[in-house]
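> Below you'll find the structure I mean.
The values are calculated or read from the model by the stated rules, or taken from the named source; none is laboratory data. This is a predicted model, so every value here is computed, not measured. Quick reminder, even Gly has a Cβ in these numbers, built from the backbone with ideal geometry, and neighbours come from all protein chains shown. Accessible surface is based on the protein model in full, side chains and every heavy atom, while ligands, DNA and RNA are left aside. Shrake-Rupley method; radii C 1.70, N 1.55, O 1.52, S 1.80 Å.
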Amino acid sequence: MVISAIGQGFLWAILGLGIFMTYRILNFPDMTTEGSFPLGGAVCVTAITQGVHPILATLLGIVAGMCAGFITGMLYTKGKIPVILAGILVMSGLNSVMLFIMQTPNLSLLGKPKIQDFLTGLNLPNHFDIVILGLIAVSLIIALLLFFFFTDFGQAYIATGDNENMARSIGINTDRMKVIGLTLSNGVIALSGALIAQNDGYADIGKGIGVIVIGLASIIIGEVLYGELSFGERLIAVVLGSVIYQLLILLIIKLGLDTTYLKIFSSIILAICLMIPRLREALNLKTGLEKE
């Protein structure tokens, strides 16, 4: 079960990386997450059941998530709707979109090919296929993000989040940066949804409820544990935070607590992690990295 939790941690880490692009860089929470995550799974699973190759189906899920993020970005920048409200509007609308796509609230992949099936020829122990798939996906996403953020365009995106007025004064189209950021982040989030749907063997329109808490937990746990880090190290910390979070959830299950209330346990874990920096500051405590 520990190996399974680690594999799940890598897949959920992709969600955390997507949220990181808006929550930590653009400095606003994007509620579209709770719609684009299950949308990626819905599009991917529907495509697979229609005979589409799992890799292509996963890419279609990513594109669907990007479209959702683009709509939120346009409502925010052009419609002048507050970003949280814009995300909620899109998230709500996506429920109907997913019902239209799947023609049912949930759809099974029973007997259908999945992307992890391509690793079966390696004769891996149980659950190691998900660990390897998650590692490949996370490594690819981090590599692409590092490449993007170290380009001039990526630096303009970071500048928009750091100081929007200053970025605008030097000629950066900040509205365009926000739209692109929301589009890319929701594409990454939809990728997580598509991979997790294939791992679970089904898509469900209710899968997005509370996922933003899981993504934020990955980010916060990583930051609490490792303190001040470089940009690349922060991305890796998100991944480690996601794995630790899944191990904490496994611990809760092992303790025999009712999994019906797993969402509230998730919220409690996140709340505790958010309070740790304040408690550390109040008690004048520092991490090992901060002492150095």
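> Farthest toward the dipole's positive end in the chain, which of Gly79, Phe153, Ile253, given Cβ charges of +1 (Lys, Arg) and -1 (Asp, Glu) about the Cα centre?
Gly79
> For the stretch 154-280, give the magnitude of the charge dipole about the Cα centre (Cβ charges: +1 Lys/Arg, -1 Asp/Glu; no others), in debye to the nearest 20.
120
> To the nearest 20 debye, what charge dipole does the chain have about its Cα centre, counting +1 at the Cβ of each Lys and Arg and -1 at the Cβ of each Asp and Glu?
About 300 debye.
> Something else about it: Give the cross-link partners of Lys178 among the aspartates and glutamates, using a straight C-alpha distance below 20 Å as the criterion and excluding same-chain residues fewer than 8 apart.
Cα-Cα hits under 20 Å: Asp30, Glu34, Asp152, Asp162, Glu164.
> Which longest uninterrupted range of the chain lacks any trypsin sites (Lys or Arg not before Pro) assigned by DSSP to a loop state (not H, G, I, E or B) and surrounded by at most 10 other Cβ atoms within 10 Å?
Counting only loop sites that pass the neighbour cut-off, the longest clear stretch is 81-292.
> Here is a follow-up. Please give the solvent-accessible surface of Glu281 in Å², to the nearest 10, using a probe radius of 1.4 Å with every protein chain present.
130
> Same structure, new question: Using the Cα centre of the stretch 83-212 as the reference point, and only Cβ charges (+1 on K/R, -1 on D/E), how large is the resulting charge dipole? Debye, rounded to the nearest 20.
That gives a dipole near 160 debye.
> Take the alpha carbon gyration tensor of the stretch 126-199, find the square roots of its eigenvalues, order them as a ≥ b ≥ c, and report rounded if a/c is under 1.5; if not, report prolate when a/b exceeds b/c, else oblate.
Cα axes put the stretch 126-199 in the prolate bin.
> Round to a whole angstrom and tell me the spacing of the C-alpha centers of the stretch 19-33 and the stretch 153-196.
That distance is 9 Å.
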